[in-house]
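What follows is a short report on a single structure.
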Amino acid sequence: MKVQVCIIGGGPSGLMLSQLLHLQGIDTIILEKSSRDYVLSRIRAGVLEHGFAELMREAQCGERMDREGEIHHGFYIAHDGKLDRVDLHKYSGGNSVMVYGQTELTRDLYEARDKLGGKVVHNAADVTPHDIASDKPYVTYRSGDEVIRVDCDYIIGADGFHGVSRKSIPQDKIKEYERVYPFGWLGVLSRTKPVSPELIYAKHERGFALCSLRSQVLSRYYVQVPLTDKVEDWSDDAFWEELKRRLPEEIAAKLITGPSIEKSIAPLRSFVCEPMRYGRLFLAGDAAHIVPPTGARGLNSAASDIYYLYHALLDHYKKGDDTGIDGYSQRALARIWKAQRFSWWMTTLLHRFPDRLPYEDRLQDTEFEYLFSSDAAQRSLAENYVGLPF
Ligand code: APR
Ligand code: PHB
């Protein structure tokens with residue numbers, strides 16, 4: 001089989017790039033190791049930068065997002081007994097974010113690929129890039145007992161942090177930067193009315209908490225937990241009681257609790273691989289970088305990778321111009337590191353670090369005092385949260 005672009009990974013990054021390229025007549029295939037049901041069973045975050053929402057519309061996948069998603073013009077930070085609102089619309093010059101579950105977004109992307117007859121292979125085993133430093137790369141994968149070869153011009157590694165693509169690059173050709181945080185997030189999804197029409201990020205001496213939502217009948221909540229905790233250590237009742245302890249009394253009093261339909265603990269990590277290209281292999285999304293979810297940058301930092309790769313491949317195939325391809329890694333990393341900075345800043349601002357110094361406690365207090373007394377500080381937060389320009 002021969003295609004122009006072979007994409008490893010059928011998550012949001014791979015699906016979005018495949019859809020955008022297909023609409024421009026560029027032939028792609030997606031090789032996904034899991035079943036579609038498994039991919040769609042994963043619960044992920046739910047805040048989209050306006051840039052990602054625009055990409056969904058450009059990819060002809062934005063109709064349900066625009067119908068069912070919610071435009072949010074701000075969010076709240078609860079700290080030291082206060083509830084302060086961050087006015088994203090005012091401080092970002094009129095921008096906002098779209099609150100829409102990434103699971104639903106991934107479903108929309110799959111349905112769009114099906115509608116166009118896009119080639120998506122599920123349960124592709126032992127996907128392996130070959131000759132990535134040559135001008136004739138190819139990928140093999142196993143389907144049952146059959147090994148299938150896909151010849152291509154370019155390979156896109158959109159296979160997430162644990163994928164095969166980054167590991168296919170000679171280790172002496174890449175440098176990895178990582179920070180693992182000394183805590184995780186215990187998340188609960190419940191079919192309950194959200195406690196607040198806008199998100200509430202809470203800093204508390206017992207630890208961080210977050211009140212989010214997927215719709216007006218589906219709520220998403222998180223509490224910071226030690227890395228030693230296991231999800232089976234937490235009953236629903238224990239979770240709700242701990243969440244209430246970390247919220248302002250007037251919010252806790254109106255929290256509607258209910259059975260969890262999903263409950264899991266996610267570790268927090270910051271990670272970047274440089275460069276994001278080796279020969280004809282390009283890394284995109286979680287395959288190249290990971291952020292702690294505090295700043296809601298995960299999918300949104302994948303968005304600019306996809307935008308840059310889409311235009312680079314378009315220029316290559318339509319104009320014979322390889323400027324975008326040759327500049328992809330540097331351009332993507334410039335925005336990735338700004339997302340890393342913002343995610344680290346939000347995580348440091350809102351979490352209780354087990355080994356913190358009293359000095360750092362006072363610095364954290366001062367961050368809040370400065371943030372909510374300075375228009376410049378709130379403009380900085382807002383422009384990062386709604387998404388820096390691609
Ligand atoms: N071969 C084929 N597919 C693979 C392999 C492999 N060796 N390893 C992983 N995959 C698949 C996974 O099953 C997954 O469906 O690659 C896909 C990667 O998807 P994500 O992990 O969601 O990464 P990405 O598409 O970059 O999404 C970026 O969106 O899903 C959210 O918050 C999440 O930050 C993440 C962001
Ligand atoms: C979520 O809704 O899952 C969510 C929202 C905002 C974040 C992280 C997660 O910063």
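If you check residue 299 against the conditions, is it touching a Pro at 6+ places or on another chain (Cβ under 7 Å) and within 15 Å of ligand 1 (Cβ to nearest atom)? It is true that residue 299 is touching a Pro at 6+ places or on another chain (Cβ under 7 Å) and within 15 Å of ligand 1 (Cβ to nearest atom).
Which ones in the range 302-319 are closer than 13 Å to residue 331 by Cβ and either among the hydrophobic types (A, V, I, L, M, F, W, C) or within 15 Å of ligand 2 (Cβ to nearest atom) (or both)?
Those that are closer than 13 Å to residue 331 by Cβ and either among the hydrophobic types (A, V, I, L, M, F, W, C) or within 15 Å of ligand 2 (Cβ to nearest atom) (or both): 306, 309, 312.
Anything in the range 178-202 that is in a strand (DSSP E or B) and among the polar types (S, T, N, Q)? List them, or say none. If the condition is that a residue be in a strand (DSSP E or B) and among the polar types (S, T, N, Q), then 190 is the only one that fits. Give me a count of the residues in the range 86-126 that are assigned to a loop (DSSP other than H, G, I, E, B), open to solvent by less than 10 Å² (accessible area, probe 1.4 Å) and within 15 Å of residue 35 (Cα to Cα). Qualifying residue count, the range 86-126: 1. Answer yes or no as to whether residue 191 is within 24 Å of the chain's Cα centre (by Cα), open to solvent by 40 Å² or more (accessible area, probe 1.4 Å) and at pLDDT 95 or above. Here the answer is yes, as residue 191 does meet what is asked. Total residues in the range 148-177 satisfying the condition of being in a strand (DSSP E or B) and either in contact with an Asp or Glu (Cβ under 6 Å, 6 or more places away or on another chain) or within 14 Å of ligand 1 (Cβ to nearest atom) (or both): the figure is 6. Annotation for the range 328-335: at least one member residue is of a type in the set (Phe, Trp, Tyr), over 14 Å from the mean Cα position of the chain (by Cα) and either over 22 Å from residue 77 (Cα atoms) or open to solvent by less than 10 Å² (accessible area, probe 1.4 Å) (or both).
Only residues that are among the hydroxyl-bearing types (Ser, Thr, Tyr) and surrounded by 17 or more Cβ atoms within 10 Å (Cβ to Cβ) were counted across the range 249-265, and they come to 2.
The number of residues in the range 28-38 being in contact (Cβ under 8 Å) with a residue 60 or more places away in the chain, surrounded by fewer than 21 Cβ atoms within 10 Å (Cβ to Cβ) and not basic (Lys, Arg) comes to 2.
If you go through the range 46-85 and keep only what is in a strand (DSSP E or B), surrounded by 21 or more Cβ atoms within 10 Å (Cβ to Cβ) and touching a Gly at 6+ places or on another chain (Cβ under 6 Å), you end up with just 49. Filtered by the rule that a residue be in contact (Cβ under 8 Å) with a residue 40 or more places away in the chain and either among the hydroxyl-bearing types (Ser, Thr, Tyr) or closer than 20 Å to residue 279 by Cα (or both), the range 326-355 gives 328, 329, 330, 332, 333, 343, 347. Residues that are more than 14 Å from residue 15 (Cα to Cα), basic (Lys, Arg) and more than 15 Å from ligand 1 (Cβ to nearest atom) do occur in the range 85-97. Quick one: would you say residue 226 is free of Cβ contacts under 8 Å to residues at least 12 places away in the same chain and surrounded by fewer than 18 Cβ atoms within 10 Å (Cβ to Cβ)? No, not satisfied. Just one residue in the set 299, 268, 281 is within 14 Å of ligand 2 (Cβ to nearest atom), in contact (Cβ under 8 Å) with a residue 60 or more places away in the chain, crowded, with 18+ Cβ neighbours inside 10 Å and over 26 Å from residue 83 (Cβ atoms); that residue is 299.
The values are calculated or read from the model by the stated rules, or taken from the named source; none is laboratory data. Predicted model only: the values in this text are computed from it and were never measured. Counting neighbours? That spans all protein chains shown, and the Cβs are built from the backbone with ideal geometry, glycine included. Note: areas computed on protein heavy atoms with side chains; ligands, DNA, RNA excluded. Shrake-Rupley method; radii C 1.70, N 1.55, O 1.52, S 1.80 Å.
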